[in-house]
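Have a look at this one before I ask anything.
Derivation of every value follows stated rules applied to the coordinates shown; laboratory data play no part. This structure is a prediction, so every number in the text was calculated from the model and none was measured. Cβ coordinates were reconstructed from backbone atoms using ideal geometry, including for glycine residues, and neighbour counts include every protein chain displayed.
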Amino acid sequence: MSEFDSLQKNINSIKNRIENACLKVDRNPNNIQLIPVTKTVETDRILQVVRMGYPAIAENRVQEARRKIKQMGQTAEQLEWHFVGHLQSNKVNKVVRFASMVQSIDRMKIAEKMNRRLNKVGKQMDVLIQVNVSGEESKYGLAPDNTLAFIEECAKLDHLNIKGLMTIGLFSDDWPKVRQGFRELRRLQGKITALQIDHVQMQYLSMGMTNDFEIAIEEGANMIRIGRGIFGERMHPDSYYWPGINEAKSHHQNTRNN
Ligand SMILES: *Cc1c(COP(=O)(O)O)cnc(C)c1O
């Protein structure tokens with residue numbers, strides 16, 4: 001099978017899984033946006049998937065994204081780069097340069113720095129607020145209880161467009177527990193929507209990865225972020241990206257098959 005065919009096959013399989021999950025809870029698959037996560041994937045394979053109809057892609061590390069953008073040249077400008085990784089203060093200016101959406105806002109210092117930079121270059125940035133619903137320390141994101149107050153502060157930064165919430169589900173094969181986390185994010189979304197805070201929109205619920213996206217869809221996700229399900233296993237274990245997670249419970253060791 002050619003590289004293109006095998007990527008196409010993986011995409012089709014993800015699309016099928018999306019449809020089946022939607023069927024279960026009477027949702028329209030067209031309302032679920034699939035964002036390929038392209039960390040560790042080289043540009044030729046990324047572009048093959050882009051051409052299958054996925055111009056919005058997500059990267060987890062600033063340096064890696066910048067290297068690929070350079071390599072792609074003008075083509076990179078036609079893509080919509082989402083940043084989903086832990087953002088360090090010294091990388092904020094760089095992210096502002098290439099990202100169309102930053103899904104991982106969870107600290108006021110970073111949000112303020114981004115706002116200042118955006119002001120300087122005359123741009124707006126779509127952002128999602130990252131919430132840690134799993135309670136795992138390594139996962140970054142706000143505690144659910146602190147999220148509302150954070151959003152109220154963040155809403156005052158006039159170059160950030162708050163568009164919703166993002167979470168990384170619990171790394172576990174205890175699926176009811178995984179589901180509980182997604183449900184918590186949905187509940188928060190509802191609560192914040194009801195408050196009708198100025199400059200705050202809650203249109204996106206970005207949750208669900210290769211191993212848990214069906215559950216996320218059942219619980220209301222409308223944006224899912226898929227890496228391994230499209231591009232295959234990565235060279236680095238999950239603990240490389242989320243230091244301190246229990247590797248025995250990481251996604252590599254357990255594939256959901258119900
Ligand atoms: C890598 C990554 C994903 C995709 O994970 P897979 O298990 O490869 O589908 C989703 N979200 C974030 C923030 C990631 O870093």
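Every residue in the range 1-33 that is more than 23 Å from Tyr204 (Cα to Cα) and polar (S, T, N, Q), please. First the steps, then the outcome.
Pass one, the range 1-33, residues more than 23 Å from Tyr204 (Cα to Cα): 1-10, 12-13.
Correct list: Ser2, Ser6, Gln8, Asn10, Asn12, Ser13.
Can I ask one more? With the checklist (1) part of a helix (DSSP H, G or I); (2) more than 14 Å from the ligand (Cβ to nearest atom); (3) charged (D, E, K, R) in hand, flag the one item Arg27 doesn't pass.
(1)
Next question, about the same structure. Out of all the residues in the range 77-99, which are away from the ligand (no atom under 16 Å from the Cβ) and of a type outside the set (D, E, K, R)?
Selection gives Gln78, Leu79, Ser89, Asn90, Val92, Asn93, Val96, Phe98.
Taking the range 33-47, which residues are hydroxyl-bearing (Ser, Thr, Tyr), within 13 Å of the ligand (Cβ to nearest atom) and surrounded by fewer than 23 Cβ atoms within 10 Å (Cβ to Cβ)?
Scanning the range 33-47 gives a single hit, Thr40.
When residues of the range 212-244 are filtered for being more than 8 Å from the ligand (Cβ to nearest atom), acidic (Asp, Glu) and within 19 Å of Tyr140 (Cα to Cα), how many remain?
Of the residues in the range 212-244, 1 are more than 8 Å from the ligand (Cβ to nearest atom), acidic (Asp, Glu) and within 19 Å of Tyr140 (Cα to Cα).
Now, a different point. Output the qualifying pairs, or none if there are none: Cβ atoms under 7 angstrom, residues six or more apart or on different chains, first residue in the range 232-244 and closer than 15 Å to Gly169 by Cα, second residue in a loop (DSSP other than H, G, I, E, B).
Asp238/Phe171; Asp238/Ile245; Asp238/Ser250; Asp238/His251; Asp238/His252; Ser239/Ile245; Ser239/Ser250; Tyr241/Asn60
Filter the range 34-55 down to the residues that are in contact (Cβ under 8 Å) with a residue 60 or more places away in the chain and part of a loop (DSSP other than H, G, I, E, B), then identify the one that is nearest to Tyr204 (Cα to Cα). Outline the logic, then answer.
At the first step, the residues of the range 34-55 found to be in contact (Cβ under 8 Å) with a residue 60 or more places away in the chain are 34-41, 45, 49.
Going one step further and asking which of them are part of a loop (DSSP other than H, G, I, E, B), we end up with 38-41.
On the way: Thr38: 20, Lys39: 22, Thr40: 26, Val41: 25 Å.
Selected residue: Thr38.
Suppose we filter the range 198-211 for residues that are surrounded by fewer than 22 Cβ atoms within 10 Å (Cβ to Cβ), within 17 Å of His82 (Cα to Cα) and within 12 Å of the ligand (Cβ to nearest atom); how many remain?
1
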